[in-house]
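Structure first, commentary second.
The values are calculated or read from the model by the stated rules, or taken from the named source; none is laboratory data. In this text, all values refer to a predicted model and were calculated from it rather than measured experimentally. Note that each Cβ is placed from the backbone with ideal geometry, even for glycine, and that neighbours are counted across all protein chains shown.
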Amino acid sequence: MLRNESCILANLNQFFPLGENEQQLLKELEKTPHRVTEKQVLWAAGDKVDQLYTLKSGWAYTCRDNLDGARQVVDIVLPGDVLGLRELTFATHLSQAQMITEGVICPFPNHKIIDIIEASTPLTVALLASLSRQESILTERMLMSIHRSARSRIAHFIVETYTRLNRVRSIDFDSFYLPISQKVLGEILGLTSVHISRSLTSMERERVLIKHRDHIQVLDREKLYEEADFDGSYISDNMNGLRERLKQHGFR
């Protein structure tokens, strides 16, 4: 990715090559960047849905409280993602969004999505593709929590996160940035801190990986993929003929 290219463009461009019109529309969404701090809350559950955000840099997550009051992390938001798209049509937010690290966000009014739908079919399709993959990640994680061991869930999450990051900007699989604490990792995967700690300790002892404070060091790629049993089709950029259909309508 070129240094002057936006993360959201790199993210959405994988679904369909976006032209100058679409790139200008995305630039409009990123024209008011704001620096945010680690752990800063972007919105709370119950807040009015009036803004969406593109995440230009940094990591964030969305979460909800369980019936017992414990926090459940719903999803990890990475550079290039649009925050709030899942709750666009609600009057108030169901979740809370919070930064994991410091970063830069670009807020824009939620009604801008209507302008995009009116102005660009390819960009609308790309946003729908991005949203559908957000949903498929949640479905995959639910199935993982039912059928997989703690180690398998951890391995799968690491491979999945690497795959998502690598789509936006090429990174080294042997050692990459992963600024997620064991506590947050447990809240993502539905595991206790004890399960997370024991699993990571055993994976380090067996020379599979080492989880450092803010990055992952992969020692045995083959073993990690074996434990993850990762099938990336649920986050693939394949759109089953939609690209060809857009081209038939004159979009190149």
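To keep it simple, each residue is scored yes or no on (1) in contact with a helix residue (DSSP H, G or I) (Cβ under 8 Å, 6 or more places away or on another chain); (2) outside any loop (DSSP other than H, G, I, E, B).
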| site | (1), (2) |
| --- | --- |
| Val184 | no, yes |
| Ser199 | yes, yes |
| Lys223 | no, yes |
| Glu226 | no, yes |
| Asn240 | no, no |
| Glu244 | no, yes |
Residues of segment 124-142 satisfying the condition of being closer than 17 Å to Lys112 by Cα, free of Cβ contacts under 8 Å to residues at least 60 places away in the same chain and not polar (S, T, N, Q): Leu128, Leu131
Any hit, segment 167-180, residues being hydroxyl-bearing (Ser, Thr, Tyr) and assigned to a strand (DSSP E or B): yes
Selection status of Ile158, over 18 Å from the mean Cα position of the chain (by Cα), in a helix (DSSP H, G or I), of a type in the set (Val, Ile, Thr) and buried (at least 18 other Cβ atoms within 10 Å of the Cβ): no
Residue within segment 60-70 that is on the phi > 0 side of the Ramachandran plot, among the small types (Gly, Ala, Ser) and without any contact (Cβ under 8 Å) to a residue 24 or more places away in the chain present: yes
Residue satisfying all of: in segment 83-93; within 15 Å of Glu135 (Cα to Cα) and in contact with a helix residue (DSSP H, G or I) (Cβ under 7 Å, 6 or more places away or on another chain); surrounded by the fewest Cβ atoms within 10 Å (Cβ to Cβ) among these: Leu88
Scan of segment 181-204 for residues that are within 22 Å of the chain's Cα centre (by Cα) and charged (D, E, K, R), ordered by number: Lys183, Glu187
Conditions (1) in contact with an Asp or Glu (Cβ under 7 Å, 6 or more places away or on another chain); (2) touching a residue at least 12 places away in the same chain (Cβ under 8 Å): number failed by Met203: (1)
Test for Leu143: is it within 29 Å of Leu12 (Cβ to Cβ), at pLDDT 90 or above, of a type outside the set (Val, Ile, Thr) and touching a strand residue (DSSP E or B) at 6+ places or on another chain (Cβ under 8 Å): no
Flag if Thr139 is of a type outside the set (A, V, I, L, M) and surrounded by 15 or more Cβ atoms within 10 Å (Cβ to Cβ): no
Failed criterion for Glu118 (all others in (1) surrounded by 15 or more Cβ atoms within 10 Å (Cβ to Cβ); (2) out of contact with any strand residue (DSSP E or B) (no Cβ under 9 Å at 6 or more places or on another chain) hold): (1)
Every residue from segment 35-71 that is farther than 24 Å from Tyr177 by Cβ and either assigned to a strand (DSSP E or B) or within 18 Å of the chain's Cα centre (by Cα) (or both): Trp43, Lys48, Gln51, Leu52, Arg64, Asp65
Residue list for segment 72-104, restricted to those being assigned to a strand (DSSP E or B), out of contact with any Lys or Arg (no Cβ under 7 Å at 6 or more places or on another chain) and β-branched (Val, Ile, Thr): Val73, Ile76, Val77, Val82
